[in-house]
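The values are calculated or read from the model by the stated rules, or taken from the named source; none is laboratory data. Every value quoted in this text rests on a predicted model; they were computed, and no experiment measured them. Glycine also receives a Cβ, built like all others from the backbone with ideal geometry; neighbour counts cover every protein chain displayed. These area figures cover heavy atoms from the full protein model, side chains too; ligands, DNA and RNA do not enter into them. Shrake-Rupley method; radii C 1.70, N 1.55, O 1.52, S 1.80 Å.
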Amino acid sequence: MAKLPVVFIIGASGQVGTATTKALSEKYGGKVKIRAGVRDPNVDKADSLKALSNVSLVKATMGADKLEETFKDVDALFIVTPPTEDRAELVTKTARSAKASGVKYILALSVEGASEMSDTPFGKQFTEIETNVRELGVPYGIVRLPYFLDNIFMVKESIQKHQKLSGWPIKEDKPMSAIHPKDAGLACASLLVDYENHNGKIYNLISHRLSVGEIAREFSSALGKEIEVETMTYDESRRILASIGLPQWRIDGFIAFCEQVNTQSPALNTTDLSDLERLSGEKPTTLKDYTIAVAPAFM
């Protein structure tokens, strides 16, 4: 019997990591060995991964010094970039460990328009990540993700208590790209299983393009009450984000992102949305289906 290839997801407990591991388990469990790397396998956050079939949970900290042994015998590695200020350094160290271990393929998570926004906080971080992975000399792929639909939970209290989508300094009618983590997971799983056909490729994984106004209208329908859009100024948004403890670098990055959306920067105006469906083999989650699914949490 031929040996099954080993797929390793490091950063598996986050949204994209969990979605990818779940898709691998459900669709490809008999075709690959799946290893999910998390900092601490014993925390509650890892419970959803433990419940998946054909998945081995592995203690693995991104950027750690002993990852070479952890990556031994791994064929394809997915580095799910963490939401930390030093993420470029962590991803680069992890990728170098993978190369030293003989990993055959590295998939790295980036953001939409990374190289075109290298003068912004997030763009600078992800441009460094993409450059370092590309120049490593190992077969690689990049998946660029846009704004997460689940970020709507940042304004959950505003919707619940005031029936307002408030807190974002994004103009109501300006479209932006968005992704459902489940959609991203399906595409990334397919890519990892068939990694030999994706060397040197950069994919934009986008469920659809939408505006804040469209989000409010769908939530109004799903909740059975009108949800208004209250657009804040950049300074007002900065104060709110600081009050909930968001670090300054993330605030700066978010505001820069909002500025790009409001000016309809070409970097965030991807027109070809075919990568997601082509890789996943499924239609993207619609905004209507998404809002209906999460509506109970906003009641």
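Which condition number in (1) open to solvent by 70 Å² or more (accessible area, probe 1.4 Å); (2) farther than 23 Å from Leu268 by Cβ; (3) free of Cβ contacts under 8 Å to residues at least 60 places away in the same chain is the one that Leu136 fails?
Failed condition: (1).
If you check Thr231 against the conditions, is it touching a residue at least 60 places away in the same chain (Cβ under 8 Å) and of a type in the set (S, T, N, Q)?
yes
Restricting attention to segment 282-289, does a residue exist that is of a type in the set (S, T, N, Q) and either in a helix (DSSP H, G or I) or at positive phi (or both)?
no
Out of all the residues in segment 145-171, which are of a type in the set (A, V, I, L, M) and open to solvent by 40 Å² or more (accessible area, probe 1.4 Å)?
If the condition is that a residue be of a type in the set (A, V, I, L, M) and open to solvent by 40 Å² or more (accessible area, probe 1.4 Å), then Met154 is the only one that fits.
Taking Val261 and the conditions (1) open to solvent by 50 Å² or more (accessible area, probe 1.4 Å); (2) under 21 Å from the mean Cα position of the chain (by Cα), which numbered condition does it fall short on, given that it satisfies the others?
In the conditions (1) open to solvent by 50 Å² or more (accessible area, probe 1.4 Å); (2) under 21 Å from the mean Cα position of the chain (by Cα), Val261 misses (1) alone.
Being buried (at least 17 other Cβ atoms within 10 Å of the Cβ), within 22 Å of Val58 (Cβ to Cβ) and among the β-branched types (Val, Ile, Thr) is the requirement here; does Val111 meet it?
The answer is no for Val111.
Spot the failing condition for Gly113; the list is (1) assigned to a loop (DSSP other than H, G, I, E, B); (2) more than 28 Å from Glu214 (Cβ to Cβ), and only one is missed.
Checking Gly113 against (1) assigned to a loop (DSSP other than H, G, I, E, B); (2) more than 28 Å from Glu214 (Cβ to Cβ), the one that fails is (2).
Yes or no: Lys31 in a helix (DSSP H, G or I) and among the charged types (D, E, K, R)?
Criteria not met by Lys31.
Evaluate the following for Lys288: is it farther than 16 Å from Val155 by Cβ, in contact (Cβ under 8 Å) with a residue 24 or more places away in the chain and open to solvent by 40 Å² or more (accessible area, probe 1.4 Å)?
So Lys288 passes the test.
Which residue is farthest from Ile142 (Cα to Cα), if the candidates are limited to segment 181-228 and must be part of a loop (DSSP other than H, G, I, E, B) and touching a strand residue (DSSP E or B) at 6+ places or on another chain (Cβ under 8 Å)?
The extreme case among them is Ile227.
Out of Thr92, Thr20, I need the residue that is touching a residue at least 40 places away in the same chain (Cβ under 8 Å), closer than 24 Å to Ser190 by Cβ, outside any loop (DSSP other than H, G, I, E, B) and not acidic (Asp, Glu). Which one?
After applying the criteria, what remains is Thr20.
Which of the residues spanning segment 26-82 are among the acidic types (Asp, Glu) and touching a residue at least 60 places away in the same chain (Cβ under 8 Å)?
Across segment 26-82, the qualifying residues are Asp73, Asp75.
Name the single residue that is modelled with the lowest pLDDT among those in segment 49-93 being open to solvent by 60 Å² or more (accessible area, probe 1.4 Å), out of contact with any strand residue (DSSP E or B) (no Cβ under 8 Å at 6 or more places or on another chain) and over 22 Å from Val138 (Cα atoms).
Taking the candidates together, the pick is Ala51.
Being modelled with pLDDT of 95 or more and within 26 Å of Asn204 (Cα to Cα), is that true of even one residue in segment 229-240?
Within segment 229-240 (the criterion being modelled with pLDDT of 95 or more and within 26 Å of Asn204 (Cα to Cα)), the answer is no, since none of the residues qualifies.
Please list, ordered by first then second residue, the pairs with beta carbon atoms under 9 Å, 6 or more apart or interchain, first in segment 3-16 and at positive phi, second part of a strand (DSSP E or B) and open to solvent by 10 Å² or more (accessible area, probe 1.4 Å).
Pairs found: Gly11/Leu109.
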